[in-house]
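Contents: one structure, followed by commentary.
The values are calculated or read from the model by the stated rules, or taken from the named source; none is laboratory data. Note that the coordinates shown come from a computational prediction; the quantities given were computed from them, not determined experimentally. Ideal geometry is used to build each Cβ from the backbone, glycine not excepted, and the neighbour counts take in all protein chains shown.
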Amino acid sequence: RGVWDGEAESRLVAEEAERARRAGRRWREMAILVRASFQMRAFEERFVLLQIPYTVVGGPRFFERAEIRDAHAYLRLVQSEDDDLAFERIVNTPKRGVGDTTVSRLLQVARGNGVSASLAARGLVGTDELAARTRTALSNFLRDLDRWRALKETLPHQRLLETILEESGYTDALRLDKGPTSQTRLENLKELVQSMGAFDSLEAYLEHVSLVMDLDREAGEDAVQIMTLHSAKGLEFPLVFLPGWEEGVFPSQRSMDEKGDKGLEEERRLAYVGLTRAREDVRVSFAANRQVYGRWTSQLPSRFVDELPPANVEAASETGYYGGGPGMYEARSRWDDTPAFGSGYTSPGWRRAQTRSAPAYGGAMRGVHGGGSRQPVIEGEGRLVAVSEPSASAYKRGERVFHQKFGGGVVTAVEGNKLTVAFDHAGEKKVIDTFVTRA
């Protein structure tokens, strides 16, 4: 099934999981299998807010990952100099020459004088109690904190975190790290930065994180399983969701860049793994857009969607997102004109959008029955097309609407099916009209 973006995809999966639950399926009979761990964030947040029990298999939850906790510690310390837990976590992360002995001494002085660790550090750097090298490292760190606090007043919070991660040396340390998880950790940080764009201020974002962490309790045995495709090998579930089937996400662009055709074949085998984890029902989804560092990029369905057997696929794209039925071809696509692509778009997915006229097989796959054949048994077929020109919205300027994420607001502009809404608490946002209701 094609949807507008990653957040819409997480809503779709949550709604279908709840629908399956109401139909009698247990939470533990459902699994979400992603290509990369950064994709988990949207599903985890959505499930926490809807109080759907879930567990992450094969690793920590998104907000519990070390790099995410480090980034949040930097933000919390910039927000409040009195946050001693944040100070202790990142004063020597990455390594900057402030050892455990020095940190213990700082905390001891802070407790003895009833002040914050940051204030104790400011006092100690002016004495001979610390070694000269340690004083220099600590002074530089405190100076960086002061500069970032000043930038907080002028920089958007997404850009602020990017600046902190770069100037602190955190991202450089990960880039230089040749370990197997360093690239994944960088991807998780990119996802974190992107997710902050939904909030109008650093304060609002940190409040959201606090809420999610408070609500995020370890689930019992009956919980939706979230894991990467690699972790899913050998497991089976009655109902499987396979989100993010887009070119560059799955197959992974990094894998293809590093290994060429061999990498593509490895990705194709992973697709087979995902599809065959489902005993009864598997649902593939893809987004028309992904937001990276605050910029929206258009996506195309994975080439693996094309390779699914046409007789076994039911396409269920929402109107205007890639496809949905034969009638979708009649709508004019904004990708109809070749010059719109530029010379750089040469991937199979982009070429398909311009030239393919045979039926393609993206969509929500249903009715995957177990047994010897392990073939998906799915009804109907759809056509893969580019994003169609949206129809006019039924909403008018001045109408009051409600959005599940942003709350109530007033429509200030209408362009096709896109609305500009001045939300009461979230400020002005552009949203698709299908994501709001009349208040």
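Among the residues of the range 224-264, what is the count of those that are buried (at least 22 other Cβ atoms within 10 Å of the Cβ), aliphatic (A, V, I, L, M) and under 21 Å from Leu300 (Cα atoms)?
1
Sort out which residues of the range 40-94 are among the aliphatic types (A, V, I, L, M) and touching a strand residue (DSSP E or B) at 6+ places or on another chain (Cβ under 9 Å), and write them in order of number. Walk me through how you get there before you give the answer.
Quick first cut of the range 40-94, residues among the aliphatic types (A, V, I, L, M) only: 40, 42, 48-50, 52, 56-57, 66, 68, 71, 73, 75, 77-78, 85-86, 90-91.
Answer for the range 40-94, where residues must be among the aliphatic types (A, V, I, L, M) and touching a strand residue (DSSP E or B) at 6+ places or on another chain (Cβ under 9 Å): Met40, Val48, Ile52, Val56, Val57.
Taking Asp144 as the residue in question, decide whether it is surrounded by fewer than 16 Cβ atoms within 10 Å (Cβ to Cβ) and either under 28 Å from Glu162 (Cα atoms) or out of contact with any Pro (no Cβ under 6 Å at 6 or more places or on another chain) (or both).
So Asp144 does not fit the description; no.
Give the residues of the range 51-66 that are surrounded by fewer than 21 Cβ atoms within 10 Å (Cβ to Cβ) and assigned to a helix (DSSP H, G or I), sorted by residue number.
Phe63, Glu64, Ala66
Starting from the range 5-24, keep only residues that are outside any helix (DSSP H, G or I), then list their pairs with residues that are modelled with pLDDT under 95 and among the small types (Gly, Ala, Ser) whose Cβ atoms are within a distance under 8 Å, requiring at least 6 positions of separation or different chains.
Partner pairs satisfying both residue conditions: Asp5/Ala287; Asp5/Ala288.
State yes or no: is Gly24 touching a helix residue (DSSP H, G or I) at 6+ places or on another chain (Cβ under 6 Å) and more than 30 Å from Glu129 (Cβ to Cβ)?
no
Looking at Arg185, Arg147, Arg175, Arg135, can you tell me which residue is under 21 Å from the mean Cα position of the chain (by Cα) and without any contact (Cβ under 8 Å) to a residue 60 or more places away in the chain? Spell out the reasoning first.
Details: Arg185 fails: without any contact (Cβ under 8 Å) to a residue 60 or more places away in the chain; Arg147 fails: under 21 Å from the mean Cα position of the chain (by Cα); Arg135 fails: under 21 Å from the mean Cα position of the chain (by Cα).
Matching residue, one of Arg185, Arg147, Arg175, Arg135: Arg175.
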